[in-house]
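Right, one structure below, let's go through it.
The values are calculated or read from the model by the stated rules, or taken from the named source; none is laboratory data. Here the structure is a predicted model, which means the values were calculated and not measured. Here the Cβ positions follow ideal geometry from the backbone for every residue, glycine too, while neighbour counts run over all protein chains shown. SASA here: full protein model, heavy atoms, side chains in, ligands and nucleic acids out. Shrake-Rupley method; radii C 1.70, N 1.55, O 1.52, S 1.80 Å.
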Amino acid sequence: MKGITEQLLIPVLARRLGTPLEKLGVSVIALHGLSFETLLRLFGGAGLELPCAVVTDSDPPVEEVDAPLLPELKGAYWREVPKAGAKSTTLDSLRNATSRRGDVAVFAADVTLEYDLALAGNGANAAVMVDLWPEVTGMESRILTPENLNRLGTTEEKARFCWQALCRKDGGRYKGA
């Protein structure tokens, strides 16, 4: 797993789907970065003979558009748009390193876990993320608010807004919350 968000959410999501990972002996390990090589050396070859799934963000390149979703938003990150489906050098390297290994499978979000979650559910997930933000962070946001989210028209715009606020603003330092 890439980080704490995945480590916390994946067991809960699996349990809701009727697959309790803890009863299957599955451990979810957060790497808190992109150092997959270290973990992968533990598996296969002279390591543990256990299957390993790597869950990560695609982190595709971003492009800058002319205007932010809301005119009052300042900062370059509010004009950034992920190029979903574009090549990610980090993800390509990981897939190349594991392509001939039968013990490792790589699963990547289209953009990031946060973006993909916000995109799912026709915008309902984005609304939940925005509604819970003050509770889980202990901080009120003047920008990441239900009112601002409701000003956006499409599910894609709502996902982009959440991604920008959680992953791009302040270098994504609060996204683990």
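Odds and ends about this structure:
- Angle in degrees between helix 89-98 and the longest Cα principal axis of the chain, rounded to the nearest 10: 20 degrees
- Carbon + sulfur, % of accessible area of the chain - ligands and nucleic acids excluded, 1.4 Å: 54 percent
- Each of ALA30 and ARG142 was given a label point 7 Å from its Cα along the Cα-to-Cβ line. The distance between the two points is 2.9 nm.
- GNM result for the chain, Cα springs below 10 Å: residue of GLU64, GLU114, GLU157 fluctuating most strongly: GLU64
- Residues of the chain: accessible area per residue with a 1.4 Å probe, Å²: 59 Å²
- Dipole check for the chain: with +1 at the C-beta of Lys and Arg, -1 at the C-beta of Asp and Glu, and the Cα centre as origin, the magnitude is about 280 Debye.
- Among GLY138, GLY25, GLY123, residue whose mean-square fluctuation peaks in a GNM of the chain (springs only between Cα atoms under 10 Å): GLY25
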